[in-house]
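The values are calculated or read from the model by the stated rules, or taken from the named source; none is laboratory data. All values derive from a computational prediction rather than experimental measurement. No Cβ is skipped: glycine too gets one built from the backbone with ideal geometry, and neighbour counts run over all protein chains shown. Accessible surface is based on the protein model in full, side chains and every heavy atom, while ligands, DNA and RNA are left aside. Shrake-Rupley method; radii C 1.70, N 1.55, O 1.52, S 1.80 Å.
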Amino acid sequence: MKILLPVDGSTCSLRAVDHLITHVSWFREVPEIHLLHVHAPIPIGRVQAHVGKETLHGYYLEEGQEHLAEAQMKLNAAGRFHTTHIHVGQPAEVITRVAGELACDLIVMGSHGRGGMAELIMGSVASRVLHLTPCPVLLVK
């Protein structure tokens, strides 16, 4: 079983990590865990004239590793092998694409648990993923 575990460093995404660690016995076989961080793209425009592609790539990598660090520590402490992925793009679309590319059987992700009106106004990565992906999604509130 392949599981995609998108994290952004927030407490709700770390609750999803904890949930997976706690309930890993639900799965018949040891799951293949793919830990993913998606960095929203920086509007390029004039920035690229002052910042090279290498520098921007380094920034995305450094930021992504910071957001993955605590989730990685939790998985390591639980003895759960995982592969990390850092991508740049719109989070819901990238999560859906990566889940498809990796042929994941399940996406486990945190949800901020906003009410209907707040979600309508601000949007929700979790609700967009639910809408876009054919893969089952387990939301941890």
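In percent, rounded to a whole number, the relative contact order of the chain is 37, using alpha-carbon pairs under 8 Å and six or more apart.
For the chain, the carbon plus sulfur part of the accessible surface works out to 57%, probe radius 1.4 Å.
Placing pseudo-labels 7 Å out from each Cα toward the beta carbon at A40 and N76 gives an inter-label distance of 2.9 nm. Each other residue within a Cβ distance under 14 Å of H67 adds +1 if Lys or Arg and -1 if Asp or Glu, for a net charge of -4. Counted residue by residue at 0.36 nm each, then reduced by the alpha carbon distance between them, the extension gain from E29 to L56 reaches 5.8 nm. A simple spin-label model places the labels of M1 and A69 3.1 nm from each other, with each point 7 Å out along Cα-to-Cβ. Within the chain, helices built from complete DSSP H runs that reach 18 Å or longer along their own axis (Cα positions) and carry a mean Kyte-Doolittle hydropathy of -1.0 or higher are 53-77. Sorting the Cα pairs of segment 10-82 by distance into bins of 5 Å, from 0 upward, gives 3, 13, 22, 18, 13, 10, 9, 7, 4, 2, 0 percent per bin.
Adding -39500 (n - 2.57) for every DSSP H run of four residues or longer, then dividing by how many residues the chain holds, sets the calculated 222 nm ellipticity at -14500 deg cm²/dmol. Electrostatic bookkeeping for E29 treats Lys and Arg as +1 and Asp and Glu as -1; over the other residues with beta carbon under 12 Å from its beta carbon, the sum is 0.
Computing volume of the Cα convex hull per residue in Å³ directly from the structure and comparing it against [x] 106; [y] 117; [z] 87 singles out [y]. Name the residue, out of R15, R80, R28, whose mean-square fluctuation peaks in a Gaussian network model built on the chain with Cα pairs under 10 Å. Top of the fluctuation ranking is R28.
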